[in-house]
Amino acid sequence: MLGEMEGLVRITNKRSVLILLQHTRDEDIEVCVPAVRESISNIIGFVSLGDESELPYLIERSTGIVDTILIDIDLKRKNTEIIRSQATRLAADRGISIAYYSDYSSWVSSAIAFMMEIERKESLKTIFDSKLLLVGKNALATRMVLELIGKGIDVYIFEKEYPTSTFPVSGGKLELESPYIHKIDTISGNQFDILVGCEIQSRSAFLSDLSLMEFGQIYDIGINNFSQEFIKHQRQKGAIVYRSDDRAGISGIVVNLMETNELVNFRLGRTSVGGIPIVSGGYMGELGDVVVDNYNDAHVVFGIANGDGTFKHALTEEDASNLNKIKKLI
């Protein structure tokens with residue numbers, strides 16, 4: 001994998017990013033290495049671990065090839081914090097840049113965008129008008145519920161899976177109530193347009209009940225939520241089955257983190273030019289500071305800071321003089 005990444009970087013001159021994932025089940029410890037991915041601006045490699053003992057070998061071999069290691073920090077395993085801390089230390093010792101991200105958040109945001117685009121393309125209904133049933137009780141399912149209801153999308157769940165308002169999250173539980181959450185105690189008399197499965201691992205007791213229902217679209221969020229028999233049976237009924245592809249979400253997160261890294265390390269700060277204070281990159285300017293695009297290498301002047309994160313509208317003579325001086329200097 002690292003050799004392939006190195007070759008692609010040489011050809012494309014893109015930045016190389018290694019994403020360090022965690023297996024979701026404690027009993028899974030074997031290393032998994034998915035295919036290398038080339039995004040618009042990065043070469044992205046993946047390694048999914050269950051055991052921190054592989055980290056020294058992995059990070060040593062990554063030195064000189066990988067620019068940034070992106071570490072999944074969701075509390076998926078008993079040794080999540082050990083993996084995170086050891087990966088951080090080893091990468092820092094090797095001079096490799098480090099960033100952190102939530103794998104669950106990436107899956108959920110990209111899955112919802114994927115679903116919304118599919119519904120727009122394939123159906124006369126939008127996802128807002130559709131009746132959506134979600135099956136699964138885990139941190140990923142809770143993230144899905146939170147994101148869906150936050151967008152004003154109605155979510156139906158089984159009373160048996162969620163007998164109370166307590167929902168599992170990484171590292172704990174969450175009390176969650178909303179007018180967009182609807183609980184059903186039986187499938188009898190219910191008809192749904194969309195079925196979403198979140199890590200139900202094809203052994204859920206609900207699959208036999210769900211086989212009796214008809215759906216327009218079925219979405220597998222994660223891997224192997226539905227059995228071959230279930231999928232075949234639903235296709236015969238006319239359902240279209242999708243597995244959410246998170247490549248856009250992963251690529252977007254990588255770009256976001258790289259941009260944030262560049263912003264914080266090279267654009268955020270305060271200095272003075274000719275005795276005039278200038279700020280940029282999200283640094284909260286003091287009253288009278290001149291706000292520019294990059295305090296290290298300014299090309300654009302935005303205005304005069306008001307001291308509260310906004311710009312002054314009524315400028316003093318000194319403000320106007322400082323503004324004009326900085327504009328002339330850059």
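The values are calculated or read from the model by the stated rules, or taken from the named source; none is laboratory data. For clarity, every value in this text was computed on a predicted model and none was experimentally measured. Note that we place each Cβ from the backbone using ideal geometry, even for glycine, and neighbour counts take in every protein chain shown.
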Any residue in the stretch 94-103 that is more than 20 Å from the chain's Cα centre (by Cα), within 20 Å of residue 256 (Cβ to Cβ) and of a type in the set (Val, Ile, Thr)? yes
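Kindly indicate the residue of the stretch 95-107 that is outside any loop (DSSP other than H, G, I, E, B), among the polar types (S, T, N, Q) and out of contact with any helix residue (DSSP H, G or I) (no Cβ under 6 Å at 6 or more places or on another chain) and also surrounded by the most Cβ atoms within 10 Å (Cβ to Cβ) among those meeting that condition.
First, pick out the residues of the stretch 95-107 that are outside any loop (DSSP other than H, G, I, E, B): 97-101, 103-107.
So of that shortlist, the ones also among the polar types (S, T, N, Q) come out as 97, 105-106.
In the following step, the residues that additionally are out of contact with any helix residue (DSSP H, G or I) (no Cβ under 6 Å at 6 or more places or on another chain) were identified as 97, 105.
Numbers: 97: 17, 105: 15.
Among residues in the stretch 95-107 that are outside any loop (DSSP other than H, G, I, E, B), among the polar types (S, T, N, Q) and out of contact with any helix residue (DSSP H, G or I) (no Cβ under 6 Å at 6 or more places or on another chain), the one surrounded by the most Cβ atoms within 10 Å (Cβ to Cβ) is 97.
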Just to be sure, is residue 110 closer than 30 Å to residue 165 by Cβ and crowded, with 19+ Cβ neighbours inside 10 Å? yes
Taking first residues from the stretch 151-177 that are without any contact (Cβ under 8 Å) to a residue 12 or more places away in the chain and second residues anywhere that are in a loop (DSSP other than H, G, I, E, B), the pairs with Cβ under 9 Å that are 6 or more apart or on different chains are 166/176; 172/75; 175/164; 175/165
Could you look through the stretch 170-183, keep only residues that are modelled with pLDDT under 90 and not polar (S, T, N, Q), and pick out the one that is nearest to residue 104 (Cα to Cα)? 171
Tally, over the stretch 4-38, of residues that are more than 21 Å from residue 252 (Cα to Cα), touching a Gly at 6+ places or on another chain (Cβ under 9 Å) and charged (D, E, K, R): 7
Would you check if there is a residue in the stretch 54-66 being touching a Lys or Arg at 6+ places or on another chain (Cβ under 6 Å), outside any helix (DSSP H, G or I) and not basic (Lys, Arg)? yes
Set 208, 227, 244: member being of a type in the set (Gly, Ala, Ser), without any contact (Cβ under 8 Å) to a residue 12 or more places away in the chain and on the phi < 0 side of the Ramachandran plot: 208
Can residue 245 be described as assigned to a loop (DSSP other than H, G, I, E, B) and modelled with pLDDT under 85? yes
Being free of Cβ contacts under 8 Å to residues at least 12 places away in the same chain and either buried (at least 17 other Cβ atoms within 10 Å of the Cβ) or not aromatic (Phe, Trp, Tyr) (or both) narrows it down to one residue among 193, 129; which is it? 129
Would you say residue 13 is at positive phi and among the polar types (S, T, N, Q)? yes
What number of residues in the stretch 8-35 are surrounded by 13 or more Cβ atoms within 10 Å (Cβ to Cβ) and in a helix (DSSP H, G or I)? 3
